[in-house]
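Some notes on the structure that comes next.
The values are calculated or read from the model by the stated rules, or taken from the named source; none is laboratory data. Model, not experiment: these values are computed from the prediction. Cβ placement follows ideal geometry from the backbone for every residue including glycine, while neighbour counts extend to all protein chains displayed. Ligands, DNA and RNA are excluded from the accessible area calculation, which covers all protein heavy atoms including side chains. Shrake-Rupley method; radii C 1.70, N 1.55, O 1.52, S 1.80 Å.
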Amino acid sequence: MTLEELRFTPEVVAELAGPTWLREHRLAAITRLDSVTEATERVEEWRYGRIDELDIGQFPLLHDLAPAATDLLDRTQEFLSGLSGYGALVRVLDGQIVMIECDAALEREGVAIRSIAASDRPNASLGRLLAEVDESFAVMNDALCADILQIAVPAGVALTQPIVIVSELSDAAGEHLSLARTLIELGDLAEATVIIFQSSTEAASLHIPVVEAVLAQGAQLRLDQTQHLGGRAWQLGYQLCELSRDARLFSFAAALGGSYARLYTRAKLVGENAESVMYAAYLGVGDQ
């Protein structure tokens, strides 16, 4: 799997907008693509799926970085109607952040929910966990993702309402590769719940979403991800967390749709007495 075969070259990466530090980060990432392990059923991590059926050449990178406004998908509306409330709502469409609604109380507490791609200040957490994953799809996200959602909760702030992210793929993402990225940072003794719901139309697509979470000392995070993609979608996701001393992570992932769906999950307990509890449910039908 070479850069030329995938049409993911440094020239393509350089065309992506962003501050200087982010452009440099992407260019450094794309140079790793030829050195990582190829995704094939001959490799233990991939042998129990259908990854050999994926022809990535059929999914060129989605270059429309200003997706047309559309109504929420029916699946998304149904999901939101079942929630009792939230402190913030973020809509991501075809990998681009198109809406952020945040309760004024969160802003007063210093909670930041924003696109990191618009920041002139480098973020030391971004990509640090993803760089440890020896997989080509992880590198693709690191190098090619144009927009990145940052959720930062300051030290000592305990959120009582969840932050909800709805990530949708429209028909425009059909027959294309799209990428989404979320970075969650909790300060010392901070507490938060983040709920992510992913849905798509019935168009064939390839989607690579990444969630990175960095928990400082004593922080607590509940992270719920539900995927209800259309039946022709391929999803290759990553959930990577790092927990400092006394930090707690509870995560739940549910896969309800898609032709093929994989979520690579890792929690690094780098501090004494850190704890991670992870549950997952996969409810496929037919040849899913």
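A few comments on the model shown:
- Remark: the chain carries 44 Å² of accessible area per residue (probe radius 1.4 Å; ligands, DNA and RNA excluded).
- Share of carbon and sulfur in the accessible area of the stretch 1-154 stands at 48%, probe radius 1.4 Å.
- Inter-probe distance in nm under a simple model that places probes 7 Å from Cα toward Cβ, at residue 50 and residue 270: 3.8 nm
- In plain terms, the chain from residue 17 to residue 105 could stretch by 28.5 nm, reckoned as 0.36 nm per residue minus the Cα-Cα distance.
- Fluctuation leader among 90, 139, 12 - the chain, Gaussian network, Cα springs under 10 angstrom: 12
- Each DSSP beta bridge with both residues in the chain is either parallel or antiparallel, and the antiparallel ones are about 10%.
- Point-charge dipole on Cβ atoms (K/R +1, D/E -1) for the chain, about Cα centre, debye to 20: 520 debye
- Considering only alpha-carbon pairs that sit under 8 angstrom and 6 or more positions apart, the relative contact order computed for the chain is 15 percent.
- For the stretch 82-99, backbone phi angles converted through the Karplus equation (6.51, -1.76, 1.60; θ = phi - 60°) give residue-by-residue couplings of x, 8, 7, x, 7, x, 8, 10, 10, 10, 10, 10, 6, x, 9, 6, 10, 7 Hz, Gly and Pro being listed as x.
- Within the assembled protein chains, the solvent-accessible surface assigned to residue 137 is about 10 Å², based on a 1.4 Å probe.
- Accessible-area ranking of 164, 98, largest first, probe 1.4 Å: 98, 164
- The gain in end-to-end length when the residue 202 to residue 70 segment is fully stretched comes to 46.0 nm, 0.36 nm per residue minus the alpha carbon separation.
- The amide H of residue 251, built 1.01 Å from its N in the peptide plane, has 223, 277, 278, 279 as neighbours under 5 Å, considering only residues 5 or more places off or on other chains.
- Across the accessible surface of the stretch 175-222, with the other protein chains kept in place and a 1.4 Å probe, carbon and sulfur atoms take up 49 percent.
- Stretchable slack from residue 27 to residue 83, in nm (0.36 nm times residue separation minus alpha-carbon distance): 16.2 nm
- The stretch 92-123 and the stretch 212-228 have Cα centres spaced 17 Å apart.
- The stretch 247-270 and the stretch 18-32 have Cα centres lying 26 Å from one another.
- Between the labelled values (1) 1.07; (2) 0.98; (3) 0.94, the entry that holds Rg/Rh (Cα atoms, Kirkwood Rh) as derived from this structure is (3).
- At the residue level, residue 266 shows approximately 80 square angstrom of accessible surface with a 1.4 angstrom probe and all protein chains present.
- The residues 50, 26, sorted by heavy-atom accessible surface at 1.4 Å with ligands and nucleic acids left out, run 50, 26 from largest to smallest.
- Max mean-square fluctuation residue, GNM over the chain, Cα-Cα springs under 10 Å, options 35, 259, 199: 35
- Accessible area in the full protein assembly, largest first, 1.4 Å probe, for 282, 260, 238, 48: 48, 282, 260, 238
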